[in-house]
Amino acid sequence: MGSEPHIVLGIESSCDETAVALVTSDRRILAQRIASQEAEHAPYGGVVPEIAARAHAERLAPMLEGVMDDAGLELSDLDAIAATAGPGLIGGVMVGLVSAKALAMAADKPLMAINHLEGHALSPRLADEALDYPYLLLLVSGGHCQILNVEGVGEYRRLATTIDDALGEAFDKTAKILGLGFPGGPAVEELACDGDPNAVPLPRPMKGSAEPHFSFAGLKSAVLRAVESGEHKPADIAASFQQAAVDCLIDRLEKALSENGASPSLVVAGGVAANQTIRAALEQLAESHAMRFVAPPLALCTDNAAMIAWAGCERIAAQAGELQSDPLDFKARPRWPLDPEAESVRGAGVKA
Ligand code: KG4
Ligand code: ZN
């Protein structure tokens, strides 16, 4: 191997995106393919696990062949095969993990069972070479809303999580209540552009609380009441909801900073990190604390396989070139907290 960069194949299938990517340890994405299942799930207003698992099973093999062809590589050229092994919808996770095991066995390459959240947590370093450990990470997706101190590969200290809904879930539910499409985040953001963020009085759950955590269930219920009252324009409700979410995020991050001390960088990752209003507010917060603000490009925020392959590259680097395989009987994990030491919080961690 010498000083040649490593090449890792990544597979992601934990929710409703089937994704495959080839990434090098010197931060090049050699090829990637992603197939969204939005059309399949849209009629149900949410992801249907059985439909998701079947769609992953149908699409994965041709996509794997596709990326290898795109990059002009053979299995023997790879250094490792990385796949999401959880947390997520178990049927889909199994499809990706079993495929990775088969490839690892056939090609006699190490298998890397990757935590999906670790993929999100490390993805900013794929896009930004200058981002060093430690960093304060806001991880906001459809299943999670956490503040973590990322101290190194495999070293994640959770400072806060949600006691009920994840923020992406709150965006999706708000979209449903407003009769917008699925997934709801981008639709709410677009509608909010035409609205007044101060028009509708909505709660900021946990704001000022002595606990470090988030809560979004009450905000969603308040959105439902605002819609049912018939007193507000949908755009005003969307904008006010988004503003309430921003206020909650900033308040909780301020608390994390005041209790855990300064960090050189503030980083945001996960699907909700695609939201421009949230990004702008975080950038301001970082500036006021003299922190660097890092947000990955949009395509790396939502679910993708490059982040899974990259997590594999990071693991190889942390092992100082000693490529260790995870066991081929590694089980798919519907739940898999990034910080196993973090105490459980009421109602939280359903998917973590
Ligand atoms: O990370 P992700 O792709 O999948 C999970 O691991 O959950 O995140 C998906 C979530 C969905 O809830 C979606 O509505 C939300 O991210 N999202 C957004 C935006 N784009 C995606 N939320 C707010 N604004 C957006 N622009
Ligand atoms: Zn995700």
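Values as computed for the structure displayed
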quantity	calculated
R0 of 30 Å, Cβ-Cβ distance S325-E58: FRET efficiency to nearest 0.05	0.60
Residue with peak Gaussian network fluctuation, the chain [Cα springs, cutoff 10 Å], from G72, G45, G181	G72
All aspartates and glutamates inside 12 Å of K173 as judged from Cα atoms, apart from same-chain residues fewer than 8 positions distant	D165
Summed residue charge, Cβ within 15 Å of A39's Cβ, Lys/Arg positive, Asp/Glu negative	-3
Area projected by the alpha carbon convex hull of segment 239-295, averaged over all directions, nm²	3.7
All-pairs Cα distance distribution in segment 200-352, expressed in whole percent, bin size 5 Å	1, 7, 11, 15, 18, 18, 13, 8, 5, 2, 1, 1, 0
Principal-axis tilt of helix 49-71 within the chain, Cα atoms, nearest 10 degrees	50
Cα-projected label distance for S258 with D196, points at 7 Å along beta-carbon direction, nm	3.1
Dipole axis of segment 246-352 (+1 Lys, Arg; -1 Asp, Glu on Cβ), positive-most option in A332, V345, G271	A332
Candidates D132, D165, D247: whichever shows maximal mean-square fluctuation once the chain is modelled as a Gaussian network with Cα springs under 10 Å	D132
Selected from A83, A130, A170, residue furthest toward positive end of dipole (the chain; charges at beta carbon)	A170
Global form of segment 1-97, assessed from the alpha-carbon gyration tensor, a/c cut-off 1.5	prolate
Whole-percent pair-distance distribution, where bins are 10 Å wide, for the alpha carbons of segment 118-260	12, 39, 31, 16, 3
Unit Cα scatterers, Debye sum, the chain: log10 I(q)/I(0) for q = 0.08, 0.13, 0.14 Å⁻¹	-0.38, -0.98, -1.12
Proximal lysines relative to K176, as straight alpha-carbon distance under 19 Å, when same-chain residues fewer than 8 apart are discounted	K220, K233
The chain - charge dipole about Cα centre, Lys and Arg +1 at Cβ, Asp and Glu -1, debye rounded to 20	720
Cross-link partners of K255 among lysines (Cα-Cα below 21 Å; sequence separation of 8 or more within a chain)	K207
Fluctuation leader among D69, D172, D251 - the chain, Gaussian network, Cα springs under 10 angstrom	D69
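The numbers here are math on the coordinates, done by the rules we state, and not lab data. Here the structure is a predicted model, which means the values were calculated and not measured. Counting neighbours? That spans all protein chains shown, and the Cβs are built from the backbone with ideal geometry, glycine included.
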